[in-house]
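The values are calculated or read from the model by the stated rules, or taken from the named source; none is laboratory data. Note that the structure is a prediction, hence the values are computed from the model and not measured. Every residue, glycine among them, receives a Cβ derived from its backbone with ideal geometry; neighbour counts consider all protein chains shown. The accessibility values were calculated without ligands, DNA or RNA, using every heavy atom of the protein model including side chains. Shrake-Rupley method; radii C 1.70, N 1.55, O 1.52, S 1.80 Å.
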Amino acid sequence: MKKKPLILLTSVAVGAGMLLVQDKLASHSSASASSATVASYEHSPSPGNNTSLNEKPTHINQIRQDNEGAPMQPAIAEAIYEAVTDDVMTESMTEQFAILSSAYADALSYPSYSQPLNPHDTQWLEPERYSTVSLPVLDGDVQAALSLEKYRFIYPEPITISVSGTLPVEAMTIELLDVETHRILFKQRVNEASLELPGKTDWPQEIRVKATIDFTSGTDVLTADFHYYQPVAEITQVEAPSSAGSDMAIPVQIQVEQSGIYRIRANLFTQSGQPIAVLTEKKRLEEGKQSLTLKAHYSVLNGHNDTLELRTVQVEKMSGFPGEKAQYGISRQAIWPLGTFNTRLLKQAPYQPSAEEQQRLDFLRSAAGQ
C-alpha cells in the first residue's frame, strides 16, 4: 500500500498547540493522569535478607504524568499515525479525528501561551502531585501505601516519607537508592510511620525509596521512585504587569546557572484564590541575569480587575538533544503579588491562530470529513 509522507504526522503532532489539545482530550478518557513515579510492592523475604532491586516486584502500579500535560489518548495517537501513513481510514479513525479537531478548535480560541485555568485542571494546579497507591502487603491480607509530598524535588527541599495503611506501623527502615547504580544514598531506622530528611547536592536525579516496614503482624517492603534535581536557574523577581496590545505583560527576572532553552510556566490567580490562566513562555537564555515576559491574553482575563498573583511557578531547562534529560530551577517566592491591573488598557481583539495552527486545524477537519 502506498504511504503518504510522514511530514504530515510531524505537522500535526508537534507544537505547543497540540500539547494543549492533549490536555483537553484527557476528559474523554477514563484513565487518570498521575505523577511520574513508580509505586510498587515486593514481598519481603525472611528477616535478615534483602530483596534484590533487580527482581521484578510482585505487584507494580505505574502511572505517568509529565509537565507537557495529560498524554494524548493512545487510540487517537494511533489513528493519527495510521491516517497519515495509509491511504485508507476506518470510520472509527474518522470519528477520532473529529474529536481531535473539535478539541483543537477550542484550544485555538486562546493563544498557547495563555490558556484558561479552572479548578479541575490538576495537571497545571498540581503539576508535581504524587499519587499515593495502596497496595496489598503481608500476603494480600491488608493494604498499605508509601507516600511522598510530590514526585519531583529540587535542592534544598527536604524529603518527607510516610506510610499509611490498615495496620499500625511499629517501625521502619528507610533506604534511598540510586535507580541506575543501586548505590545506597541514605539509610535510617525509625520507630514511627514517617521520616523527613534533608536533600543533598550529590544526589542523582532518579532515586528509589525502599521502606522495610514492621507492622504489628509482620514485615513487608514498599518502594516508590522520585526525582531530585540541583537547580539550574532561579526566578529572582517578578515585576508589575503592563499592557502590550491584547496582552498583559509580566516581566520575569531569572538568574541562570546553565545556558539553554528554558520554559517558564506560572498560574495566574486572583488574590482570593480563583484560578484564571496558565501562562507559558519559552526562550533561550544564557548564563547570568536574564529576563523574559509572561503574557496573559485579554480573552482569559474576562475583565478581572482584582488583585492578581502568580503561583505554581515552574522553571524547566528543556532537553537540547535526544538523550539529554530536562533539568529544573526554582522560584525565590512561592507567590508573586502583581497588584491590580486595568484590563480596559488592553486591545479587545480575539486571538488569531497562526498560519501553522490553522493548517493543522484544516488538516484535522479534512481527515474527519468536515
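Note on the stretch 220-356: with charges restricted to the Cβ of Lys and Arg (+1) and Asp and Glu (-1), its dipole about the Cα centre is near 400 debye.
Highest first, please rank the peptides 352-363, 249-260, 107-118 by the mean number of other Cβ atoms sitting within 10 Å of their residues.
Working: 352-363: 15.2, 249-260: 17.6, 107-118: 19.6.
So the peptides 352-363, 249-260, 107-118, ranked by packing, come out 107-118, 249-260, 352-363.
According to the Cα-based calculation, Rg over Rh for the stretch 119-171 is 1.08, with Rh computed by the Kirkwood formula. Residue ranking by accessible heavy-atom surface, 1.4 Å probe, largest first, among E175, E157 comes out as E157, E175. Using the reciprocal of the averaged 1/r over all distinct C-alpha pairs, how large is the Kirkwood radius of the stretch 246-306 in Å? Hydrodynamic radius (Kirkwood, Cα pairs) of the stretch 246-306 is 12.8 Å.
Taking amide hydrogens as placed 1.01 Å from N in the peptide plane, the amide H of A277 sits under 5 Å from those of L117, L268, each at least 5 positions away in sequence or on another chain.
Apolar share of the accessible surface for the stretch 226-370: 46 percent from carbon plus sulfur atoms, 1.4 Å probe. Checking the Cα-Cα distances for K187/K325; K200/K325; K200/K283 against a 25 Å cut-off, the pairs over it are K187/K325; K200/K283.
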